[in-house]
1. Condition first: under 14 Å from GLY63 (Cβ atoms), out of contact with any Pro (no Cβ under 7 Å at 6 or more places or on another chain) and part of a strand (DSSP E or B). Now tell me which residues in the range 79-96 satisfy that.
2. Grab the strands (runs of 3 or more DSSP E) fully contained in the range 97-182, keeping just those with 2 or more residues being open to solvent by 40 Å² or more (accessible area, probe 1.4 Å).
3. Could you list, in sequence order, all residues of the range 154-189 that are of a type in the set (Ser, Thr, Tyr) and either modelled with pLDDT of 90 or more or touching a helix residue (DSSP H, G or I) at 6+ places or on another chain (Cβ under 7 Å) (or both)?
4. For the condition of a type in the set (Gly, Ala, Ser), within 15 Å of ALA99 (Cα to Cα) and in contact (Cβ under 8 Å) with a residue 12 or more places away in the chain, what is the one hit in SER158, SER175, SER151?
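The values are calculated or read from the model by the stated rules, or taken from the named source; none is laboratory data. Note that this is a predicted model, so its numbers are computed, not measured. Cβ: placed from backbone, ideal geometry, glycine included. Neighbour counts: every protein chain shown. Note: accessible area is taken over every heavy atom of the protein model, side chains too, but ligands, DNA and RNA are not part of it. Shrake-Rupley method; radii C 1.70, N 1.55, O 1.52, S 1.80 Å.
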Amino acid sequence: GDQIELIVHNLRDGSEQKITRITKQIGQWADDNSPLLGAPGPVWTKDGMGLILADYNPARAAGGIFLFDLFGHRTALSTTTGEDHDLYPRLSPDGKLLAYAQYSSHGVAELFVQAMQTPAGPHRLTSDKKAIQGLTWTPDSRHLIFASNRSGSFQLWSITANGDDLRIEPTDSSSAAEPAMAPSGGWLL
């Protein structure tokens, strides 16, 4: 139907627990898991007691990034209205910062970061109005690596968590997407 269930499976005893349901947006650009947009999550919290997930309710024209505990209690971490959609939630390895891409239409996004524990709003890191195809944190939680077409083809870019020192990451690829950093920091996929 129009619902996607988030289920946690216990590998020790095989039990499963439904955490929540999100609305599948059939025919909506933000539900397109094509090379242009990435998965809405989920990602685990550092303590393993919660999941961070993007959701959007087309009936209310509202959505955002949400934290779900293992009992299904939902806390909004970001909110959007209208056609804006927050995607690619990524928690920093130290668990203190949340980064995500906010799309205003197909192919138009900006990168945001916010603290997990303080009520301060998000800090906008980019102002490109270009697509973002995934992001990842460096192991020290100081930099974000993201794929963007900000200078033509999709390449990897690095930016500090406070928005300074934006630079291209040299690769041999003519089109890069969905970066993932190894926990040791020695490898970037």
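1. THR80, THR81, HIS85, ASP86, TYR88, PRO89
2. 97-105
3. SER158, THR160, listed by residue number.
4. SER158
For (1) out of contact with any strand residue (DSSP E or B) (no Cβ under 9 Å at 6 or more places or on another chain); (2) on the phi > 0 side of the Ramachandran plot, each residue gets a yes or a no:
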{"position": "VAL43", "(1), (2)": "no, no"}
{"position": "GLY48", "(1), (2)": "yes, yes"}
{"position": "LEU51", "(1), (2)": "no, no"}
{"position": "ALA54", "(1), (2)": "no, no"}
{"position": "THR75", "(1), (2)": "no, no"}
{"position": "GLY82", "(1), (2)": "no, yes"}
{"position": "HIS85", "(1), (2)": "no, no"}
{"position": "LEU91", "(1), (2)": "no, no"}
